[in-house]
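Read through the structure below, which is laid out as structure tokens, and then see the notes.
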Amino acid sequence: MACLLETPIRMSVLSEVTASSRHYVDRLFDPDPQKVLQGVIDMKNAVIGNNKQKANLIVLGAVPRLLYLLQQESSSTELKTECAVVLGSLAMGTENNVKSLLDCHIIPALLQGLLSPDLKFIEACLRCLRTVFTSPVTPEELLYTGPDHQTILFNHGAVQNIAHLLTSLSYKVRMQALKCFSVLAFENPQVSMTLVNVLVDGELLPQIFVKMLQRDKPIEMQLTSAKCLTYMCRAGAIRTDDNCIVLKTLPCLVRMCSKERLLEERVEGAETLAYLIEPDVELQRIASITDHLIAMLADYFKYPSSVSAITDIKRLDHDLKHAHELRQAAFKLYASLGANDEDIRKKIIETENMMDRIVTGLSESSVKVRLAAVRCLHSLSRSVQQLRTSFQDHAVWKPLMKVLQNAPDEILVVASSMLCNLLLEFSPSKEPILESGAVELLCGLTQSENPALRVNGIWALMNMAFQAEQKIKADILRSLSTEQLFRLLSDSDLNVLMKTLGLLRNLLSTRPHIDKIMSTHGKQIMQAVTLILEGEHNIEVKEQTLCILANIADGTTAKELIMTNDDILQKIKYYMGHSHVKLQLAAMFCISNLIWNEEEGSQERQDKLRDMGIVDILHKLSQSPDSNLCDKAKTALQQYLA
């Protein structure tokens with residue numbers, strides 16, 4: 001019998017809780033405003049620290065009523081304020097609570113509240129907004145994000161109004177002002193240029209930031225000040241060789257990477273430092289020799305260690321859940337450190353188990369860690385030496401190909417860019433990558449809607465085709481299809497067009513290959529060449545196209561496709577007389593290959609070109625002030641005399 005009683009007891013307790021919660025909601029509808037106010041105050045006291053009560057009240061429909069009262073003109077300011085406080089308390093519960101508040105359109109109501117003349121009500125609305133926006137479930141676009149919004153705040157005097165708060169007696173106020181400046185300056189040259197010249201009590205803002213990042217200041221203040229100076233530097237407002245960057249900001253950020261710091265401080269320090277040094281080789285060199293940074297970052301992968309100094313179980317649990325953020329930050333910083341300098345790359349790769357760690361990072365469950373690992377690998381793959389040694393020893397291409405099979409675009413862009421490096425002619429990885437089905441994968445990328453992926457796909461194919469065997473070239477043409485090749489030749493993205501022309505040029509190299517490809521695709525290729533030479537393209541595009549024609553002219557049978565096409569011959573003649581030397585030289589290569597007298601049929605070709613006036617142009621060019629052009633013209637004329 002005891003077993004049968006268990007369920008009814010639970011139900012009665014639940015209905016009791018719901019009944020008491022219902023009582024709070026019912027009082028919100030009382031016709032007496034004073035009783036409504038008292039009901040909201042009692043509700044406020046009931047929900048503090050009680051997540052179950054918060055959930056009950058939301059289920060019972062308290063939120064729409066509280067928002068209604070908050071927006072009613074007839075509601076007293078005190079009632080509106082108490083409503084905002086209760087809503088803020090509900091938002092401090094679970095993520096589901098925040099979702100429920102968002103579904104009831106809490107944000108527009110609170111923003112409207114900011115127009116009130118009453119400071120207490122404004123403060124309550126701001127507190128509630130802050131709580132809602134610090135929740136991960138709240139979409140950022142609901143409030144100010146991006147350069148346009150930075151500009152709106154800037155134009156409404158945000159800089160001047162916030163600057164004096166940096167001297168406030170309240171630490172909290174100073175910190176919020178600092179955070180505001182870091183957000184305003186991020187990737188915003190207009191704001192950053194203004195901040196450099198702002199005076200606060202006779203002192204320039206950068207000087208105040210430098211004081212705030214001194215060692216005796218709280219870590220949070222040091223970090224945020226360093227971020228402000230970093231963002232101003234990256235926006236071009238402070239030079240990279242300025243003492244406040246080299247001697248203050250950079251060392252401060254390196255300090256944040258030490259194992260004495262908390263996990264989140266180490267993450268933020270490393271990520272900010274990575275951003276600071278990313279475009280500047282000198283800062284990369286300085287950072288690499290500051291406080292043994294490269295070795296220090298290796299500790300990011302051993303965290304928390306078995307001899308961890310963390311005694312607080314809650315902190316240990318938190319850090320175990322967030323340890324992947326350390327790995328992500330380390331990969332990001334290694335990528336920036338190794339972006340340009342060969343010696344730094346060597347040091348990074350020689351750091352204990354570094355390549356193994358990167359390879360492991362490529363298959364982590366966290367997308368952000370995978371992306372950071374690929375970026376790190378991409379940075380290191382710029383080294384010819386490492387491509388030939390470490391990358392081959394660790395068969396890096398295997399996990400990379402796996403990453404490319406199924407990944408978000410942001411990872412695909414970096415991974416495919418790295419694949420371009422692994423497919424360079426001197427890379428030992430080129431052969432096994434080809435055997436693992438890379439051609440189909442890359443041809444697939446050329447059809448992406450993302451221009452960066454199209455560029456990388458065609459770029460990798462271009463590298464693959466360089467000095468390749470006929471079979472590989474045939475595979476590329478078959479997988480890509482002539483239709484897709486010509487779609488790429490009319491792509492609106494200039495980089496795609498240039499890399500496609502580069503691919504064609506590499507496919508059409510060595511005579512047997514040229515003749516073979518032109519025998520099957522000659523008509524379409526000549527058509528594409530004609531369209532490009534007639535189109536509104538820049539010098540580089542036309543030069544590359546003329547170089548393709550020069551390659552075709554080097555074929556044994558392929559050159560007849562030029563000689564029997566009067567339109568193309570007239571175009572070559574036109575570019576021989578062009579005002580741009582690059583185009584004249586490229587056209588000269590075509591002519592030289594067509595008239596070379598050791599080859600069969602050269603006499604007929606020479607005669608036809610003489611009749612077109614080519615010899616007269618060669619005589620003119622042999623007097624050219626450009627020595628290169630002059631020499632090429634003289635060499636061509638000798639073919640007629642031989």
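The values are calculated or read from the model by the stated rules, or taken from the named source; none is laboratory data. Only a predicted model underlies this, so the values are computations on that prediction, with no experimental measurement involved. Virtual Cβ from ideal backbone geometry, glycine too; neighbours counted across all protein chains shown. Quick note on the areas: whole protein, heavy atoms, side chains included, nothing else; ligands and nucleic acids left out. Shrake-Rupley method; radii C 1.70, N 1.55, O 1.52, S 1.80 Å.
Does region 82-92 contain any residue that is farther than 21 Å from residue 121 by Cα and outside any helix (DSSP H, G or I)?
Here is the first cut: in region 82-92, the ones farther than 21 Å from residue 121 by Cα are none.
Within region 82-92 (the criterion being farther than 21 Å from residue 121 by Cα and outside any helix (DSSP H, G or I)), the answer is no, since none of the residues qualifies.
Let's see how each residue does on (1) over 28 Å from residue 608 (Cβ atoms); (2) in a helix (DSSP H, G or I):
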site: 474; (1), (2): yes, yes
site: 484; (1), (2): yes, yes
site: 505; (1), (2): no, yes
site: 526; (1), (2): no, yes
site: 533; (1), (2): no, yes
site: 556; (1), (2): no, no
Within region 86-107, residues open to solvent by 50 Å² or more (accessible area, probe 1.4 Å), touching a residue at least 40 places away in the same chain (Cβ under 8 Å) and in contact with a Ser or Thr (Cβ under 7 Å, 6 or more places away or on another chain) come out as 95
Residue in region 151-158 that is within 20 Å of residue 175 (Cα to Cα), modelled with pLDDT under 90, open to solvent by 100 Å² or more (accessible area, probe 1.4 Å) and more than 28 Å from the chain's Cα centre (by Cα) present
no
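State all residues of region 462-471 that are crowded, with 19+ Cβ neighbours inside 10 Å and assigned to a helix (DSSP H, G or I); if no residue qualifies, say none. Please lay out each step first, then the result.
So the first thing to find is which residues in region 462-471 are crowded, with 19+ Cβ neighbours inside 10 Å, and the list is 462-465, 468.
Selection gives 462, 463, 464, 465.
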Quick check on my filter: what residues within region 364-377 are buried (at least 22 other Cβ atoms within 10 Å of the Cβ) and under 16 Å from residue 402 (Cβ atoms)?
369, 370, 371, 373, 374, 377
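Give me the helices (runs of 4 or more DSSP H) completely within region 325-406, filtered to those with at least 2 residues that are touching a Leu at 6+ places or on another chain (Cβ under 9 Å) and of a type outside the set (A, V, I, L, M), ordered by residue number.
Details: elements: 342-350, 354-361, 367-380, 384-388, 390-393, 397-405.
Because the criterion is at least 2 residues that are touching a Leu at 6+ places or on another chain (Cβ under 9 Å) and of a type outside the set (A, V, I, L, M), the helices (runs of 4 or more DSSP H) in region 325-406 that meet it are 342-350, 367-380, 390-393, 397-405.
Open to solvent by 10 Å² or more (accessible area, probe 1.4 Å), part of a loop (DSSP other than H, G, I, E, B), free of Cβ contacts under 8 Å to residues at least 40 places away in the same chain and polar (S, T, N, Q): does that describe residue 603?
Details: open to solvent by 10 Å² or more (accessible area, probe 1.4 Å): yes; part of a loop (DSSP other than H, G, I, E, B): no; free of Cβ contacts under 8 Å to residues at least 40 places away in the same chain: yes; polar (S, T, N, Q): yes.
For residue 603, the condition - open to solvent by 10 Å² or more (accessible area, probe 1.4 Å), part of a loop (DSSP other than H, G, I, E, B), free of Cβ contacts under 8 Å to residues at least 40 places away in the same chain and polar (S, T, N, Q) - is not met.
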Would you pick out the residues in region 193-228 that are modelled with pLDDT of 95 or more, in contact with a Phe, Trp or Tyr (Cβ under 7 Å, 6 or more places away or on another chain) and under 15 Å from residue 159 (Cα atoms)?
228
Would you check which residues across region 111-138 are free of Cβ contacts under 8 Å to residues at least 40 places away in the same chain and buried (at least 19 other Cβ atoms within 10 Å of the Cβ) and list them?
129
Residues located in region 60-94, provided they are at pLDDT 90 or above and either β-branched (Val, Ile, Thr) or over 16 Å from residue 39 (Cα atoms) (or both)
63, 71, 72, 73, 74, 77, 81, 85, 86, 88, 91, 92
